[in-house]
Amino acid sequence: MSRNSTTLLIVASVVIVGAIVFFNTNRKESPTGTEVAGAIGTVDKYRSEQIHPTDVATEGESPLSVEAFFSIIASDPVALDGLSNLVGRFSGQERLKLYQRANAEMTAMILERAPAGARAELLGLATEEELASIMSRMDTAERRRYLQAAGVDASAFEHVTDVERRKGLGAMSEQEKATAFDRCTVEQRVNMLGRADVEQRATIYDRVTAEERAVLVGMATVDERVRLMERANEQERADIVGRLSVESRAAIVDRIGAQGKSDMLEHASEAEKVTIMERAPLKGATSAERVDALGKMSVEARAELVNQATQAEKANLLGRAPAGQRADAFARAFVGDRAPRLGTATELERADTEKRAR
């Protein structure tokens, strides 16, 4: 083949390939008839059957964990007051079971707030090994008084018998016993508390602070949180929500699940709907078209829009909800899918709830 023929063949090939690329590119980017119609005013393309969960990224689980929720609640005075009131309606056994979830550090702090008499009584529950350890930490003057009360020479403290140690403990004043208890290790103090009877432990654990109580409620089982919510009637739960901080109300919305979040959008103002829908990936839509599309979105897509809302927006949505919806949201934030059980309490349980509420 001649050189000219080869050159012509190469040029022709380049032209053909270029034409194919140009055609395919323009075919992908050119608007269809439906898209042209949408551009001049129709909103048909925003109908629910054309807006799928994939239109807006969704999350299958609540973005806020139980631990994070109760951490927020623990910093809200109104929430703490409400929780204290509800926990106060628990029986002594229920409170004790809740409080015993405290870790060693929290338990030690609670014990520090116990009166001297209570700490002195706990020292009496020390084991022989613990008493020996306590005596070894006494200074010289304290040990001398302790041993003299037991009828033992101070220089012979290493050979003191268990009986003599008990005798010396019995001769100590209440304040001396309390001081000796405070010098025990955290593990020893917690162990002594664990040996106390139900009444002793309940009395000491009732000295938890409101913040500690909120943390412990966050550590409770779902069943325990259900029972806690059953101690409040619907109006009480709604009233608590109405007085919560913006952060706490937003946290409740974060915990209520897709359907609950979707329902919250019904209480958005027109201005809020416009702002919220600006975050939806609907290219080329006007504000009016976006607001119209909101009502046609799937539950999951609406829920994700709420996830993307600011704390103030979430708090406002919850604040405008009817009392029943606020109460339900509060319960769901506490107990998740177990919230419906709140309406199935027995007549005796409901009577007890109403009695405690008065």
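The values are calculated or read from the model by the stated rules, or taken from the named source; none is laboratory data. Worth saying up front: this structure is predicted, and the values here are computed from it rather than measured. Positions of Cβ are backbone-derived with ideal geometry, glycine not excepted, and every protein chain shown enters the neighbour counts.
Within the range 234-245, the presence of a residue that is of a type in the set (Ser, Thr, Tyr) and either modelled with pLDDT under 90 or under 13 Å from the mean Cα position of the chain (by Cα) (or both) is excluded. Answer yes or no: is there a residue in the range 207-228 that is more than 30 Å from residue 318 (Cβ to Cβ) and not assigned by TED's automatic domain parsing to the domain that holds residue 328. Taking every residue of the range 207-228 in turn, at least one turns out to be more than 30 Å from residue 318 (Cβ to Cβ) and not assigned by TED's automatic domain parsing to the domain that holds residue 328. The helices (runs of 4 or more DSSP H) found wholly in the range 287-336 and carrying at least 1 residues that are at pLDDT 90 or above and farther than 14 Å from residue 249 by Cβ occupy 299-307, 323-335.
The residue that is surrounded by the fewest Cβ atoms within 10 Å (Cβ to Cβ), among those in the range 66-114 that are within 16 Å of the chain's Cα centre (by Cα) and among the aromatic types (Phe, Trp, Tyr), is 69. Assess whether residue 228 counts as being within 24 Å of residue 302 (Cβ to Cβ) and either surrounded by 22 or more Cβ atoms within 10 Å (Cβ to Cβ) or of a type outside the set (Gly, Ala, Ser) (or both). So residue 228 fails the test. Answer yes or no: is there a residue in the range 266-277 that is farther than 30 Å from residue 67 by Cα and crowded, with 20+ Cβ neighbours inside 10 Å. Yes; the residues of the range 266-277 include at least one that is farther than 30 Å from residue 67 by Cα and crowded, with 20+ Cβ neighbours inside 10 Å. Scanning the range 116-136 for residues that are free of Cβ contacts under 8 Å to residues at least 40 places away in the same chain and over 28 Å from residue 177 (Cβ atoms) turns up nothing.
Test residue 163 against the stated conditions and say whether it is surrounded by fewer than 16 Cβ atoms within 10 Å (Cβ to Cβ), of a type in the set (A, V, I, L, M) and in the same structural domain as residue 83 (by TED's automatic domain parsing). Yes: the conditions hold for residue 163. Checking the range 255-264 against the condition returns a match, with at least one residue being out of contact with any strand residue (DSSP E or B) (no Cβ under 9 Å at 6 or more places or on another chain) and surrounded by fewer than 16 Cβ atoms within 10 Å (Cβ to Cβ).
Just so you know, in the range 189-231 the residues that are outside any helix (DSSP H, G or I) and among the basic types (Lys, Arg) include one that is farthest from the chain's Cα centre (by Cα), and it is 195. For the residues 211, 199, 187, the requirement of being within 21 Å of residue 86 (Cβ to Cβ) and either surrounded by fewer than 16 Cβ atoms within 10 Å (Cβ to Cβ) or of a type in the set (Phe, Trp, Tyr) (or both) singles out 211.
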